[in-house]
Amino acid sequence: LACSHHHCAFPVNRNELCVWNTATAQPLFLSGHRCSISALSFGSKINPLLVCSASHEHVIVWDLDECTQKVQEGFTPRGIVIGTLLGMVLHIRFSPDDQQVAVCAGNQIYMLSAKNEAVLAELDGHLAPVTAAEFCTWEKSMLISVSEDRSFKARKLYLFFFNLKVWDYSTSQLIYQSGIITAFPLLSLLIDEENKQIITGCAEGQLWIFSLISDHNYRCVAHIDIKKEQEKFCNKVWKSGKEKGEWQNNSKLCKKDKRPEGSVEASLPILLIEHCDFFECFHNEENAYSSQNTRYFWIGTSTGLLIINLATFELEAFLSYRDYSDLSIRIARSCALTRKAASGKVLCLITSMFEDMIAVLEVNLAALVRTQHSDFLPCRNEKSLSVIARYRIIKCFLSLLDDGFVYLALRSKNTVKDKPLVFHNKIKSSGYTAAPRMTMFSPNTNLKTKEVSKSKTSCKCKNKEYPLESYPPVKYEKEISVTGKPTPIFCVQYSGDGELLACGQADKTVLILNSNLTDVHSVFSGHDGAVSSVGWSHDRKWLVSGSEDRTLRVWSICNKEPALILGKEKFHKTVRFAQFYFIDTFILLCCGAELHLLSFHLDTTKDDVKRYKQRSICKLVQKFPMTSTMEITSLSAVNEFYSYIVLTAGSNRALEVFDLNAGCSTAVIQEAHVRSVHQICQNKGSSFSTQRPEAYNLFLTTAAGDGIKLWDLRTLR
């Protein structure tokens, strides 16, 4: 499919091209292909307006003005054949000056002249069919393409595939190549000229934005989960409408429907990414969005159209095909949109996934946004969508329909950038300032004043703040070989005062070093497997270690013998993320999908008669299973002050918040990342700070294979 201004193009009877002028409602039929037409594209210029069609045997360029004149004179219009027997063509694109055509056929890209049959260059390197290609407007010789091999390449004429590859167009030499970014085929591509970025989408509803600025080395700027953003948008609008008592009977789109148990979750392929002429539709509005520099884009999926704000990466509007009774297409196989709005309306062309049917839609952008944003006053008798025509390919007829306008029953708040964050609804307290509800978690407040002041003084002397005016460290100062042969180090942990560094190694030992790496303080041995975790006590006198041998050991810094050993009979899987908790009152650890809370008493004295008998005691307080996961992949809890909040991440990509004071799970964030979270980090602050300790613990950072996210614990967002 292809759209341009008042024209849309689509194949008829497989090998015939129909170009329909929506202004005059007159179709133009063009014949010249013998095989099925598989790709279409309009030229970049209006005068003359060119359209290119491709099939297995021919690539043909048509001048629509000449073809229309030929038909009026009674002649059969003919196009210019610019390519022959190139293979299965999935995508074609004109250059900005309409002098060249990029033809994506199989794993290759052919650069053809738009004036005659001449192959200017052949670009190969993709391992799977190329699905999209775009010319870069500010670089004369740059082309970007994406492929089902999940890579993007750039040639100069650059080419992007899904590992990133950079090529020199004149020599076809490979300049740069990235790793594979996604597990799903890349289907769509768009170049943002203003921000010098490329936007690409895959078959699983994921969107990536890469920078094309020369100094940025094609780095990923943002990753957006369209499925998650769509669900969040709909849920927010449904809740907003339900609270106000509006649209309860009108909205099918945003009502939260639970998926039946055992059903299959459908994917959300991104079929199209196109510029959205957003502000042109609101040029007379007094209450239009404040930031006129914000960029908006259309996202075409198999189930509907979305408008995304490139500044906030949030949805501004969502149009679902299933909400319109006059539209018989519920799931689209392909989609095309006009870049420029005409009279505030955008022309959209979609084809059915299961039937040989094409629908021409007219989207009133202003009406669509008004029905979904309270910032815009609704106008009566204004329709957001009109199905102006349907075309059934098999029967080969074209008929105009009566106006089929339907309001979208949505509303959501406008996202305003650079404004103070204000919570209009009461947020349930996380409980940091409340008194503990269990005797088990009652902190010892009977500290002598001298002891507190002494602790403050010592802490003040030892702890050094990182100077804010300094640049982050980019070069290492020193390195040290900890063993005679190469040995992996699985975990490292600084002591609270920053004086010592503990390392858990694959050779079953725990190594204690001075923080400046000038001297080995101690070496603890006794584990029968690699040491997977180490943790310091708050008073820096003890060290806890967990191992692959399913044992837990607590070591005294002054003694190489373990003060406490918990054997294999206590744990059914590897002990991970062992640490002291609640200012050394408990020990926390993870074993499989369970969080263990242990109370302990350490006694290093020896009985001469029973010298080998352990006098330290450790008891299991409670086990907390994480919801619907096979294994806990990360754990975070504060030991620097009294906090009963524990955070875990699982192999199911979820985050879960445990309130150990209440002894239960309080919140679960499903699919916090696209991949499993491997690190949770909190700003733990200092227990001797003049500010409230709980103020430090309001934010956390999670890291996974898809990136890093910052979360607000007050709202779990």
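For the cross-link pairs 478/508; 623/684; 45/340, the ones whose C-alpha atoms lie over 18 Å apart are 478/508; 623/684. Peptide packing: for 528-539, 619-630, the average count of neighbouring Cβ atoms within 10 Å per residue gives the ranking 528-539, 619-630, highest mean first.
Amide H contacts for residue 564 (H built 1.01 Å from N in the peptide plane; partners 5 or more residues away or on another chain; cut-off under 5 Å): 554.
Between residue 355 and residue 36, take the C-beta separation as r, use R0 = 25 Å, and let me know the FRET efficiency to the nearest 0.05. Kindly include the intermediate steps, with their values, before the conclusion.
Details: r = 17 Å, r/R0 = 0.66.
The formula returns an efficiency of 0.90 here.
Distance from the Cα centroid of the range 40-55 to that of the range 492-529 is 67 Å (rounded to whole angstrom). Given a 1.4 Å probe and the protein chains as shown, residue 196 ends up with an accessible area of around 80 Å².
List the equivalent ellipsoid semi-axes of the range 1-129 in whole Å, largest first, each obtained as the square root of 5λ for an eigenvalue λ of the Cα gyration tensor. Walk me through the intermediate numbers first.
Working: eigenvalues 118, 44, 36 Å².
The equivalent ellipsoid of the range 1-129 has semi-axes of 24, 15, 13 Å.
Over the Cα atoms of the range 626-716, the radius of gyration divided by the Kirkwood radius equals 0.97; this is the Rg/Rh ratio.
Residue 62 contributes about 0 Å² of solvent-accessible surface, heavy atoms of the protein only, 1.4 Å probe. Of interest is the spacing of the C-alpha centroids, which for the range 548-564 and the range 88-126 amounts to 67 Å.
Distance between the 7 Å Cα→Cβ label points at residue 69 and residue 47: 1.4 nm.
Would you please put 350-359, 113-122 in order of how densely packed they are, using the mean number of other Cβ atoms within 10 angstrom per residue and starting with the highest?
Working: 350-359: 18.2, 113-122: 14.0.
The most tightly packed comes first, giving 350-359, 113-122.
Residue order by solvent-accessible surface for 642, 494, 476 is 476, 494, 642, largest first, with ligands and nucleic acids left out and a 1.4 Å probe. Working ranking of peptides 652-663, 68-79, 575-586 by packing, defined as the average number of other Cβ atoms within 10 Å per residue, highest first, is 575-586, 652-663, 68-79.
The values are calculated or read from the model by the stated rules, or taken from the named source; none is laboratory data. Computed from a predicted structure; not experimentally measured. Neighbour counts run over all protein chains shown; Cβ positions are idealised from the backbone, glycine included. With ligands, DNA and RNA removed, areas are computed over all heavy atoms of the protein, side chains included. Shrake-Rupley method; radii C 1.70, N 1.55, O 1.52, S 1.80 Å.
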